[in-house]
1. Under a point-charge model restricted to the Cβ atoms of Lys and Arg (+1) and Asp and Glu (-1), what is the dipole moment magnitude of region 2-96 relative to its Cα centre, in debye to the nearest 20?
2. Using a Gaussian network model of the chain whose springs link C-alpha atoms within less than 10 Å, name the residue from ALA15, ALA92, ALA76 with the highest mean-square fluctuation.
3. Points 7 angstrom from Cα along the Cβ direction at SER86 and LEU47: gap in nanometres?
4. Using Cα positions and a limit of under 19 Å, work out the aspartates and glutamates in reach of LYS82, with same-chain residues fewer than 8 apart set aside.
5. So what J values fall out for region 92-98 if you push phi through Karplus, 6.51 cos²θ - 1.76 cosθ + 1.60 with θ = phi - 60°, rounded to Hz, Gly and Pro as x?
6. Among ALA31, PHE101, ILE77, whose Cα lies farthest out toward the positive end of the dipole of the chain, if unit charges sit on the beta carbon of Lys, Arg (+1) and Asp, Glu (-1)?
7. Quick one: if you stick a label point 7 Å off each Cα along the C-beta vector at THR1 and GLU58, how many nm between them?
8. Pick from GLN14, GLN43, GLN23: which is most flexible by mean-square fluctuation in a GNM of the chain where alpha carbon atoms under 10 Å apart are linked?
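Read-outs throughout are calculated quantities, based only on the coordinates presented, and are distinct from any laboratory measurement. Since the model is a prediction, treat every value here as computed from it, not as a measurement. Cβ: placed from backbone, ideal geometry, glycine included. Neighbour counts: every protein chain shown.
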Amino acid sequence: TVMVTKVTIKGAKQAVQMFGPAQYAVAKAVADSVEAGVIPKDQCEDLVIVCGVFIHWEADDDKKIFDYNYEATKEAIARAMKNEPSVDEMIAKKSEATHPFYAG
């Protein structure tokens, strides 16, 4: 599993948030997904997970950082292992896609 920050880490506080509660959340979500059979044990050595982590620059609550990253990672793994969304669904809905930080 590789974690990638989505914002520049500025200072020790953000580094500790990234490599503390966020990293633990991602690692636990991966391990729990294997334990639950979402990721088959016999595929573990053949799969790579790249996890983009966003922690808001004003974040102060380590529990929220953990909870949000844990749930997001578990959901992303489950969807990826079920090939969701399908390529056809992604193409059909691409014009409907929105992003909260894009006003265009």
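1. On the way: 12 positive and 16 negative charges, 60 e Å.
Computed charge dipole of region 2-96: roughly 280 debye.
2. In the Gaussian network model the winner is ALA92.
3. Inter-label distance under the simple model: 2.1 nm.
4. Here the aspartates and glutamates satisfying the reach criterion relative to LYS82 are ASP32, GLU35, ASP42, GLU45, ASP46, GLU71.
5. These are the phi-based 3J(HN,Hα) values: 5, 9, 4, 6, 8, 5, 10 Hz.
6. With unit charges placed on the Cβ atoms, the residue in question is PHE101.
7. 2.9 nm
8. Greatest mean-square fluctuation among the candidates belongs to GLN43.
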